[in-house]
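The values are calculated or read from the model by the stated rules, or taken from the named source; none is laboratory data. The model shown is predicted, which means the values in this text are computed figures rather than measured ones. Note that each Cβ is placed from the backbone with ideal geometry, even for glycine, and that neighbours are counted across all protein chains shown.
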2 protein chains.
Amino acid sequence: MRATVIHAPHDIRVAEVPDPTVRMSTDAVVRVLRACICGSDLWAYRGESARQPGQRIGHEFLGIVEEAGADVRLRKGDLVVAPFVWSDGTCDFCAEGLTTSCPQGGFWGSVGSDGGQGEAVRVPFADATLVKLPAEAAGDDRLLTALLALSDVMGTGHHAAVGAGVKRGSTVAVVGDGAVGLCAVLAAKRLGAGRIIALGRHQARTDIAKLFGATDVVAERGEAAVDAVRELTRGQGARAVIEAVGTEQSMRTAVEITRDGGAIGYVGVPHGSGTGLDLGVMFDRNIALRGGVAPVRTYIPELLADILNGTIDPSPVFDRTVGIEGVPDGYRAMDERTALKVLVTL
Amino acid sequence: MRATVIHAPHDIRVAEVPDPTVRMSTDAVVRVLRACICGSDLWAYRGESARQPGQRIGHEFLGIVEEAGADVRLRKGDLVVAPFVWSDGTCDFCAEGLTTSCPQGGFWGSVGSDGGQGEAVRVPFADATLVKLPAEAAGDDRLLTALLALSDVMGTGHHAAVGAGVKRGSTVAVVGDGAVGLCAVLAAKRLGAGRIIALGRHQARTDIAKLFGATDVVAERGEAAVDAVRELTRGQGARAVIEAVGTEQSMRTAVEITRDGGAIGYVGVPHGSGTGLDLGVMFDRNIALRGGVAPVRTYIPELLADILNGTIDPSPVFDRTVGIEGVPDGYRAMDERTALKVLVTL
């Protein structure tokens, strides 16, 4: 089959790789219909996260079950979406919903596993990992795209909103105008936030933020952005702040715009040698930090229901579509920020 | 009057200073009956926190109202305890219980204010700041000592337990065997923790931890301590971890012994150039960080009730008593760790 591999920084290729097969009785093979490129894939693309030459890449996909192991209840032909990690569904952590800490879990594209940006994927613990979608969605292009967001960005945005403690009426500020930050706006709106301040300088992106429920946009950077958020919040900052970038600078901004006693929900994969956290400031102001890698598998059922009933539609975060052979171009476009999030149709 | 002043690192003196007076109609002057020395005072003593030469010191005291401003409802002769910061009781933050973020608040011993380790203290916003105690407590030496813990360590330990998310049945680990760490054990027990693992190497202190409810004591240090906590928790770590030291090393230990998805309640004043937080590890394991300077004023009523009804008794954290002229000796003893917490009787 054809699949995306990474050979070195900025060297993404689409290559012929072995077809996946069922190896364990709990495996399934999924034929991919939709995949996409994630902001976090860019860390590998830019050489800021190490990868072995030839390693697969991509961790977001949905598709059709093509083959199922003997112990799998899903059936050939089922339409399914995969969260960005697989998990066994039986351990202590899975039982409590922290599927990302499953000792038997793993990431698509890790060494020895298939990546999402390919024609098919072997899925371990298929029943625990995959979530079945309504078959009729396969014929609805817009819906299928919205459902693909369940594999990562929508659930990750939701995790950030939960971590930040967003409740009905909350004032929320979102640092990061990538797909996760925008989905966090949508998630905060869904949780009933009263005011949502989106920080971002790209109008195409902040327009989506407004579509998703942002009430205010702060286009300034650095200290000016902090001042602008404080001005919008009676000088106090936002009680719930979402950090969806992962750099020292973005974390620093998040701390500065959080109201005393508030919380930062952080889902940007941390990068850089420092943390950007001034613990002395956080201490004096009782600012909490809560978040991390999102257990999106746990969130899929509730978010899926709200996509199907029309409450949320994350599909606008996808602003470019490529075929499998166009994936390298997709990386370039996202790296150059000419695309927000690239959809891969197969 | 006589009061403690700090002139330079390791240079603590008891000196003659002006008697405090009521300056604002909301002030009261409190004649101090009991004060004490805090582990955080040692940071100033050791020169790790800057102080102006001659600045007052001490932030924990209880005593008798000696004079009250025209707008104060407390009366001369009332027995009262002071939290370690004053606060106006009317701002947004006071209204929601975050008294440490009161814009008009301040710390005893800050420049221009009296410190707790002296014969009397001018108390701003007396009605909002002070909490009245039962008059009969003045005649009960043990009870008076227990009530003094409300000024800081008991409320701070409680804040740590709340930050760590301690609930009925929780498994809790406490890093730090100082008075705050020990009070955190007591607070965790009060909140219904099922298992409390105290980390500490000084038997006199871990004996108090056991008295306060610790079910396990880990005397190892560094990696061995981490291994020991993991062994006690099925390899997973504790869901609620309390950090009551404030060094990089103690924060690092706290992160390592926290169960995935758990929380660190931190109340040790942060010191050192780094944070000790490996944000990458916290991210992967969804570890939350919550705490900071404790709004003890808010906690005093509930903790006071439980001291009065005998549910908790923090008095064992005081293991040495000095008079006002003995305060410099008290600092030396705490600095050398020959005393856990020094009580000052006046």
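Restricting attention to segment B:157-176, which residues are within 15 Å of the chain's Cα centre (by Cα) and surrounded by fewer than 24 Cβ atoms within 10 Å (Cβ to Cβ)?
Result: B:V162, single match.
Here's a check for you: in segment A:219-253, which residue that is of a type in the set (A, V, I, L, M) and free of Cβ contacts under 8 Å to residues at least 40 places away in the same chain is surrounded by the most Cβ atoms within 10 Å (Cβ to Cβ)?
As a first pass, look at segment A:219-253 and keep what is of a type in the set (A, V, I, L, M): A:219, A:224-226, A:228-229, A:232, A:238, A:240-242, A:244-245, A:251.
Cutting the leftovers down to free of Cβ contacts under 8 Å to residues at least 40 places away in the same chain gives us A:219, A:224-226, A:228, A:232, A:251.
Values: A:A219: 15, A:A224: 11, A:A225: 21, A:V226: 19, A:A228: 19, A:L232: 19, A:M251: 26.
Among residues in segment A:219-253 that are of a type in the set (A, V, I, L, M) and free of Cβ contacts under 8 Å to residues at least 40 places away in the same chain, the one surrounded by the most Cβ atoms within 10 Å (Cβ to Cβ) is A:M251.
Name, by its number, the condition in (1) closer than 29 Å to B:I287 by Cβ; (2) of a type in the set (D, E, K, R); (3) surrounded by fewer than 22 Cβ atoms within 10 Å (Cβ to Cβ) that does not hold for A:R201.
(1)
Filter segment B:177-213 down to the residues that are assigned to a loop (DSSP other than H, G, I, E, B), under 19 Å from the mean Cα position of the chain (by Cα) and hydrophobic (A, V, I, L, M, F, W, C) and list them by number.
Matches in segment B:177-213: B:L191 only.
If I ask for residues that are surrounded by fewer than 24 Cβ atoms within 10 Å (Cβ to Cβ) and touching a Lys or Arg at 6+ places or on another chain (Cβ under 8 Å), which ones from segment A:130-156 would you list?
Those that are surrounded by fewer than 24 Cβ atoms within 10 Å (Cβ to Cβ) and touching a Lys or Arg at 6+ places or on another chain (Cβ under 8 Å): A:V131, A:L144, A:T145.
Count, please, the residues in segment A:267-284 that happen to be at the interface with chain B (Cβ under 8 Å from one of its Cβ atoms), among the aliphatic types (A, V, I, L, M) and more than 24 Å from the chain's Cα centre (by Cα).
Qualifying residue count for the region: 2.
Is it the case that segment A:270-285 has a residue that's in contact (Cβ under 8 Å) with a residue 40 or more places away in the chain, under 26 Å from A:G222 (Cβ atoms) and outside the structural domain of A:L98 (by TED's automatic domain parsing)?
Yes, segment A:270-285 contains at least one residue that is in contact (Cβ under 8 Å) with a residue 40 or more places away in the chain, under 26 Å from A:G222 (Cβ atoms) and outside the structural domain of A:L98 (by TED's automatic domain parsing).
Are any of the residues in segment A:115-124 part of a helix (DSSP H, G or I), over 23 Å from B:D260 (Cα atoms) and in contact with a strand residue (DSSP E or B) (Cβ under 6 Å, 6 or more places away or on another chain)?
No, segment A:115-124 has no match at all.
If I ask for residues that are farther than 21 Å from A:I264 by Cβ and under 21 Å from the mean Cα position of the chain (by Cα), which ones from segment B:236-252 would you list?
B:A244, B:V245, B:T247, B:Q249, B:S250
Residues B:I307, B:I312, B:I300, B:I287: which one is at pLDDT 95 or above and more than 17 Å from the chain's Cα centre (by Cα)?
Result: B:I287 is the single residue among B:I307, B:I312, B:I300, B:I287 that is at pLDDT 95 or above and more than 17 Å from the chain's Cα centre (by Cα).
Restricting to segment B:78-93, and then to whatever is without any contact (Cβ under 8 Å) to a residue 40 or more places away in the chain and not polar (S, T, N, Q), can you tell me which residue is nearest to B:P295 (Cα to Cα)?
Among those residues, the one meeting the criterion is B:F93.
Note down all Cβ pairs under 6 Å where the first residue falls in segment B:335-346 and is over 17 Å from B:L147 (Cα atoms), the second is part of a loop (DSSP other than H, G, I, E, B), and they're at least six residues apart or on different chains.
These pairs meet every condition: B:A339/B:D319; B:L340/B:D319.
Residues that are loosely packed, with under 14 Cβ neighbours inside 10 Å, at least 2 per element: which strands (runs of 3 or more DSSP E) completely within segment B:1-75 meet that?
B:11-16
Of the numbered conditions (1) in contact with a Pro (Cβ under 7 Å, 6 or more places away or on another chain); (2) away from chain A (no Cβ under 14 Å); (3) surrounded by fewer than 17 Cβ atoms within 10 Å (Cβ to Cβ), B:G97 satisfies every one except a single condition; which is it?
(2)
Quick check on segment A:55-63. Is at least one of its residues assigned by TED's automatic domain parsing to the domain that holds A:A333 and without any contact (Cβ under 8 Å) to a residue 40 or more places away in the chain?
Scanning segment A:55-63, I find no residue that is assigned by TED's automatic domain parsing to the domain that holds A:A333 and without any contact (Cβ under 8 Å) to a residue 40 or more places away in the chain, so the answer is no.
Could you say whether any residue in segment A:231-244 is within 10 Å of chain B (Cβ to nearest Cβ), in a strand (DSSP E or B) and among the β-branched types (V, I, T)?
Within segment A:231-244, none of the residues are within 10 Å of chain B (Cβ to nearest Cβ), in a strand (DSSP E or B) and among the β-branched types (V, I, T).
Return the only residue of B:E256, B:E325, B:E302 being more than 14 Å from chain A (Cβ to nearest Cβ) and free of Cβ contacts under 8 Å to residues at least 12 places away in the same chain.
Just a single option satisfies the conditions, and that option is B:E302.
Taking only segment A:198-218 into account, find how many residues are in contact (Cβ under 8 Å) with a residue 60 or more places away in the chain and of a type in the set (A, V, I, L, M).
Total meeting the criteria: 3.
Among the listed residues B:L191, B:L186, B:L143, which satisfies the condition of being in contact (Cβ under 8 Å) with a residue 12 or more places away in the chain and outside the structural domain of B:Q236 (by TED's automatic domain parsing)?
B:L143
Would you check if there is a residue in segment B:2-24 being touching a helix residue (DSSP H, G or I) at 6+ places or on another chain (Cβ under 8 Å), within 14 Å of chain A (Cβ to nearest Cβ) and among the hydroxyl-bearing types (S, T, Y)?
Within segment B:2-24, not a single residue is touching a helix residue (DSSP H, G or I) at 6+ places or on another chain (Cβ under 8 Å), within 14 Å of chain A (Cβ to nearest Cβ) and among the hydroxyl-bearing types (S, T, Y).
Out of A:T338, A:T311, report the one residue that is among the polar types (S, T, N, Q), more than 14 Å from chain B (Cβ to nearest Cβ) and under 25 Å from A:E48 (Cα atoms).
Being among the polar types (S, T, N, Q), more than 14 Å from chain B (Cβ to nearest Cβ) and under 25 Å from A:E48 (Cα atoms) holds for just one of A:T338, A:T311, which is A:T338.
Within segment B:252-270, which residues are in contact with an Asp or Glu (Cβ under 6 Å, 6 or more places away or on another chain) and modelled with pLDDT under 95?
Within segment B:252-270, B:G268 is the sole residue that qualifies.
Checking the conditions here, which among A:G115, A:G97, A:G89, A:G77 is modelled with pLDDT of 95 or more, within 17 Å of A:S40 (Cα to Cα) and assigned by TED's automatic domain parsing to the domain that holds A:T26?
A:G115
In contact with a Ser or Thr (Cβ under 9 Å, 6 or more places away or on another chain), within 14 Å of chain B (Cβ to nearest Cβ) and touching a residue at least 24 places away in the same chain (Cβ under 8 Å), is that true of A:C102?
Working: in contact with a Ser or Thr (Cβ under 9 Å, 6 or more places away or on another chain): yes; within 14 Å of chain B (Cβ to nearest Cβ): yes; touching a residue at least 24 places away in the same chain (Cβ under 8 Å): no.
No, not satisfied.
Scan (1) more than 14 Å from every other protein chain (Cβ to nearest Cβ); (2) surrounded by fewer than 24 Cβ atoms within 10 Å (Cβ to Cβ) for the single condition A:G109 breaks and write down its number.
A:G109 satisfies all of (1) more than 14 Å from every other protein chain (Cβ to nearest Cβ); (2) surrounded by fewer than 24 Cβ atoms within 10 Å (Cβ to Cβ) except (2).
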